[in-house]
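Laboratory data are not the source of any read-out in this text; all were calculated from the coordinates shown. All values derive from a computational prediction rather than experimental measurement. Here the Cβ is made from the backbone with ideal geometry for all residues, glycine too, and neighbour counts use every protein chain on show.
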Amino acid sequence: MTEILESIELVENSSVPSEAKLPTIHGDFQIRIFHESSTGFDHVALTIGDMKGPDPVIVRVHSECLTGDVLGSLRCDCGPQLDSALKAIVERGWGCLLYLRQEGRGIGLHAKIQAYHLQDKGADTLDANLMLGLPADGRDYSIAASMLSALDIYRVSLLSNNPNKREQLEKHGINVVDLIPLVVGVGDQNRFYLETKVERMGHKINQKQLDGN
């Protein structure tokens with residue numbers, strides 16, 4: 001874990017910390033910026049409340065999705081997941097959301113749109129990446145584990161349908177007590193995308209949820 005921690009830092013400018021209050025439509029958070037020296041990316045941690053209670057901290061590790069989070073794309077469920085996670089953290093009264101600069105499951109925005117083009121021609125979300133010579137999922141959650149450690153968060157209830165996310169966090173010293181399903185935003189435009197995640201990537205979404213029941 002020490003080696004991973006050395007790859008990030010709280011970004012500072014002279015004596016001014018890289019953290020501030022961030023009021024949002026969901027509630028008032030504290031925002032902190034972590035710089036990953038190996039990639040040059042700045043990652044975000046949003047927290048609310050006390051992270052040192054006896055119960056596991058509710059945590060969402062969310063990968064950047066410009067099309068879903070910002071533009072409201074219906075091809076994925078990323079935007080609704082982000083909103084629902086923030087709401088869940090506020091309702092709990094304490095928790096953390098990490099926003100990682102890992103666009104397109106780690107392949108970047110340009111390649112993600114190329115993958116969309118292949119999906120328009122019939123490829124599923126996994127094969128489209130592979131057809132481009134890229135990994136189906138290239139995300140590395142060691143940076144998330146490092147950020148959580150820097151925030152003194154080691155026991156979490158993880159808002160996710162992705163068991164690989166849990167496995168990677170646990171590999172890097174985070175105790176994931178449980179996975180809290182986050183199935184939202186299911187519709188005609190993204191149902192095939194979600195079915196592929198279930199059938200080929202092991203995501204924990206049942207058929208009733210895919211059917212909107």
On the principal axes of its Cα set, how long, how wide and how thick is segment 73-145? Give whole Å, largest value first.
44, 28, 16
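Net charge near V61: determine it from the other residues with C-beta under 12 Å of the C-beta of V61, scoring Lys and Arg +1 and Asp and Glu -1. If you can, show how the numbers build up before the last one.
Values: positive: R60, R139, K165, R166; negative: E64, D140.
My count for the surroundings of V61 gives +2.
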Residue by residue through segment 116-128, which ³J(HN,Hα) values in whole Hz follow from phi under the Karplus form 6.51 cos²θ - 1.76 cosθ + 1.60 (θ = phi - 60°), with glycine and proline marked x?
4, 4, 5, 5, 4, 8, x, 6, 7, 5, 7, 5, 4
Pull out the extension gain between Q209 and K121, defined as 0.36 nm times the separation in residues minus the alpha carbon to alpha carbon distance; nm, one decimal.
29.0 nm
Can you compute log10 of I(q)/I(0) for segment 10-71 with the Debye formula, treating each Cα as one identical point scatterer, at q = 0.12, 0.29 Å⁻¹?
-0.40, -1.26
Give me, ordered by chain and number, the residues 5 or more places off I58 or on other chains with an amide H under 5 Å from its own placed amide H.
C96, S157
The extension gain from D178 to D55, computed as 0.36 nm times the residue separation minus the Cα-Cα distance, is 43.1 nm
Segment 102-204, convex hull of Cα, quarter of hull surface, nm² -> 6.9
Over 30 Å between C-alpha atoms is what I'm after, so list which of K87/K197; K21/K171; K21/K204; K21/K208; K52/K197 land there.
K21/K171; K21/K204; K21/K208; K52/K197
Residues meeting the amide H criterion for E103 (H placed from the backbone, H to H distance under 5 Å, 5 or more places apart or on another chain) are E64, G108
Distance histogram in 10 Å bins (all Cα pairs of segment 1-154, percent per bin)
10, 35, 34, 17, 3, 0
Rounded to the nearest 500, what is the chain's calculated 222 nm mean residue ellipticity when only DSSP H runs of at least 4 contribute -39500 (n - 2.57) each, over all residues?
-9500 deg cm²/dmol
